[in-house]
Amino acid sequence: MRPPRIITLLTDFGLSDPYVGVMKGVIAQVNPAVQVIDLTHQIPPQDVSQARFALMSAYAYFPAGTVHVAVVDPGVGGTRRAIALAFGNNAAAPLGFLVGPDNGLFSGVLAVQPAIAAVELTNSAYWHQPMPSQTFHGRDIFAPVGAHLASGIPLTALGQEISGRSLVPLSQSHPLQIESAGDQGQRITGCVQAIDHFGNVITTISGEAVIAPGWSVIVGDRAIPSGFTYGAAGSGDLIAVVGSHGWVEIAVNGGSARACLGLSLGDSVQVIVPK
Amino acid sequence: MRPPRIITLLTDFGLSDPYVGVMKGVIAQVNPAVQVIDLTHQIPPQDVSQARFALMSAYAYFPAGTVHVAVVDPGVGGTRRAIALAFGNNAAAPLGFLVGPDNGLFSGVLAVQPAIAAVELTNSAYWHQPMPSQTFHGRDIFAPVGAHLASGIPLTALGQEISGRSLVPLSQSHPLQIESAGDQGQRITGCVQAIDHFGNVITTISGEAVIAPGWSVIVGDRAIPSGFTYGAAGSGDLIAVVGSHGWVEIAVNGGSARACLGLSLGDSVQVIVPK
Amino acid sequence: MRPPRIITLLTDFGLSDPYVGVMKGVIAQVNPAVQVIDLTHQIPPQDVSQARFALMSAYAYFPAGTVHVAVVDPGVGGTRRAIALAFGNNAAAPLGFLVGPDNGLFSGVLAVQPAIAAVELTNSAYWHQPMPSQTFHGRDIFAPVGAHLASGIPLTALGQEISGRSLVPLSQSHPLQIESAGDQGQRITGCVQAIDHFGNVITTISGEAVIAPGWSVIVGDRAIPSGFTYGAAGSGDLIAVVGSHGWVEIAVNGGSARACLGLSLGDSVQVIVPK
């Protein structure tokens, strides 16, 4: 018998209550051999957009077939659908599975990976028994469904098939704007999509857009030079790099770019790419 | 050979020091095949009452036979006893085991589950060697004892049997008060027993008391209507629900009831149940 | 086949981003059977000294052969070496392995344990593919190298052997000072090397120095009596103990010595040991 797939957990539950531990207990009730890895549980409460970014940054670093259970779920108990889906280029061996509420949480992964199949979680045989609560579907639906999926239950057994095109999108409020900057080259305008624990500011501008040497970032009236490593800047100085997740990122060598620049999520950022 | 039981850990150690990791290392020294699940390590320092609530909310969601090691231990090194016990209705197959200091931590679980047998941890053969410190019994006594219990050592080998009735209780400072509210029906007065990461306020009033439709919560001079889901209230509005742990809970749809009402642990809360 | 070794993780990544989860994913890609235990991820950003202390306090409580991957890495992408080493007294069965940047992080463990062999991580066959980023060697080099080491790849396969004497030391800014205090006995002057989650203040003075009964701690103009347990002091009172990690520690029974004394890392502390 093949070992079960790995489950990752991503929530906004924090770590001060036993909610995450309880989800792991329910998984172990279904199959104690499943290995669970925490992505993070410190998504700001109900911030679907930050959860989307975290999942998109992380999924590629797990073994093929990993089941990602993500629960940032402001609509719990209401009319939003509970879903599971498989993604990747090989229908016979999915790159991974996604389990959670249909609220846009998975739209980041699905922007780069095709959905193979999707279901609405309607088969209560795979839920925690007796009846699910109306306030904690992480425990009562998503954790047990994830555990069954990790144990080899086929996706299509979990509920009714739905179209991948029917999934709720997450509106990107700031699409990239690309324009000529005259002699300077090209100007790409994006925004801040995440800020990490170190205060590194991660933009919506892909690193693939800035392969020309000499690119720089403009924030307000500051021009920030680019480099390959944080240490290419002097200690305490600003630097723009293509970060480990592939996005243009602003950092301070040994400090916090967030604190230095006063940037917040959604703030506008420009990149100048020379001719 | 059957696989080892699962161990859960619940402490007030926080996550900034390696104390919790060290407990897991000691467990792995005894038996690297034991699976450990964290309940939480962010109980406020020395708050036995919050630890009691967290354990009571969580134990039922783990496989039968799980060993719950809980260390919130203001009396470490003093005269309080170190104990382990089995609970449930089947002496041959306990629902679970509890390991930790005898300070009332387990009184929540034992209010709903009968103790099968209890021992004082007097057999140092199952402790970390050489001698336990006087300040970290989590590492030196409770973790290794939990690991041996999870590995199949019988409870009675761990020390001298004691009576379940001899365990230290935790005084409930606010027992429920139930009285007539005239034409309105019945008034139940309890208090706040926990506030979670989302700011949801969890009372001492059981959901079983409020099965009549139309029940509501009174806090000060505010009446809060009840519903089945957070989303039954308008965005930013207060709502009372029976929470996922079975207690009457006050929430704000998309916000924090704690912040909205300014409630603290122990504050009085009333429920009105119509005739 | 023998089961893989355990890996511990120690970083300054925090838990709000998925960085730690991603390292675990990369480990599982190499070998899903490896068990990972978190020491802590809440080392203050880039504080190599606190990471050194945490690792030194924890390593002894893990099974022989455990692989400790530690990533507090202000020089990532620059010229600092990436290293791995084996330590202990038995070259055929190392007590443990250390993997991380060569910046002094391991100097605490190596102050008490001899290095058996050390390598610079130059063999990219054991790195995450395709090319490592210049900003996240935890994911791209240290996690996969740790996973291969835990799976039985010999240390010497990971890169070029280097001398243990060539490792970067971490300067101890406050060596102990021992002098006569006349009739009072001996005065040992050290400093604060760590403060834990409870506010316990851990000094650089080893407990082995204070075996004489009646020793006390002097902070400013306060004399703090010693005892064996926190509870030997009255509730809210200061007490000096030899802590669970073996160092002289100042605590408050049921409170925070940090808050009570206003001490910070590096502050001077004296111990008086009577004749």
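Look through the stretch B:248-275, keep the residues that are surrounded by fewer than 21 Cβ atoms within 10 Å (Cβ to Cβ) and within 22 Å of the chain's Cα centre (by Cα), and return whichever of them is nearest to A:P45 (Cα to Cα). The selected residue is B:R258.
Here C:P101 clears all of (1) surrounded by fewer than 24 Cβ atoms within 10 Å (Cβ to Cβ); (2) closer than 25 Å to C:T204 by Cα; (3) within 14 Å of chain A (Cβ to nearest Cβ) except the condition numbered (1).
Would you confirm whether or not the stretch C:202-218 contains a residue that is modelled with pLDDT of 95 or more, at the interface with chain B (Cβ under 9 Å from one of its Cβ atoms) and under 23 Å from C:G108 (Cα atoms)? No, every residue in the stretch C:202-218 fails to be modelled with pLDDT of 95 or more, at the interface with chain B (Cβ under 9 Å from one of its Cβ atoms) and under 23 Å from C:G108 (Cα atoms). For the stretch B:193-232, enumerate the residues that are more than 17 Å from B:L261 (Cβ to Cβ) and of a type in the set (D, E). Within the stretch B:193-232, just B:E208 meets the criteria. The strands (runs of 3 or more DSSP E) found wholly in the stretch A:1-81 and carrying at least 2 residues that are of a type outside the set (A, V, I, L, M), crowded, with 19+ Cβ neighbours inside 10 Å and at the interface with another protein chain (Cβ under 8 Å from one of its Cβ atoms) occupy A:36-40. Among the residues of the stretch C:179-223, the ones that are without any contact (Cβ under 8 Å) to a residue 12 or more places away in the chain, within 21 Å of C:G243 (Cα to Cα) and of a type in the set (D, E, K, R) come to 1 in all. Residue count for the stretch C:47-93 under the criterion of being free of Cβ contacts under 8 Å to residues at least 40 places away in the same chain and more than 26 Å from A:G243 (Cβ to Cβ): the result is 10. If the condition is being outside any strand (DSSP E or B) and not charged (D, E, K, R), then the stretch C:260-275 contributes C:C260, C:L261, C:G262, C:L263, C:S264, C:L265, C:G266, C:P274. Of the residues making up the stretch A:217-226, those that are surrounded by 17 or more Cβ atoms within 10 Å (Cβ to Cβ) and of a type outside the set (S, T, N, Q) number 4.
Does B:L121 satisfy being closer than 26 Å to C:V241 by Cα, buried (at least 22 other Cβ atoms within 10 Å of the Cβ) and not polar (S, T, N, Q)? When the stated conditions are applied, B:L121 passes them.
Each residue in the stretch C:203-259 was checked for being under 18 Å from B:D17 (Cβ atoms), in a loop (DSSP other than H, G, I, E, B) and touching a helix residue (DSSP H, G or I) at 6+ places or on another chain (Cβ under 6 Å), and 2 of them qualify. Among the residues of the stretch C:102-121, those identified as in contact with a helix residue (DSSP H, G or I) (Cβ under 8 Å, 6 or more places away or on another chain) and within 21 Å of C:V30 (Cβ to Cβ) are C:V119, C:L121.
Comparison of C:L176, C:L167 shows that the only residue that is free of Cβ contacts under 8 Å to residues at least 40 places away in the same chain and surrounded by 15 or more Cβ atoms within 10 Å (Cβ to Cβ) is C:L176.
Each row is one residue, and each column tells you yes or no for (1) part of a loop (DSSP other than H, G, I, E, B); (2) more than 24 Å from the chain's Cα centre (by Cα); (3) buried (at least 19 other Cβ atoms within 10 Å of the Cβ); (4) among the aliphatic types (A, V, I, L, M).
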| site | (1), (2), (3), (4) |
| --- | --- |
| A:F142 | no, no, yes, no |
| A:A147 | no, no, yes, yes |
| A:G152 | yes, yes, no, no |
| A:A157 | no, yes, no, yes |
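If you filter the stretch B:82-96 down to residues that are aliphatic (A, V, I, L, M) and assigned to a loop (DSSP other than H, G, I, E, B), you find that the one that is surrounded by the fewest Cβ atoms within 10 Å (Cβ to Cβ) is B:A92.
The values are calculated or read from the model by the stated rules, or taken from the named source; none is laboratory data. Source: prediction; values computed, not measured. Ideal geometry is used to build each Cβ from the backbone, glycine not excepted, and the neighbour counts take in all protein chains shown.
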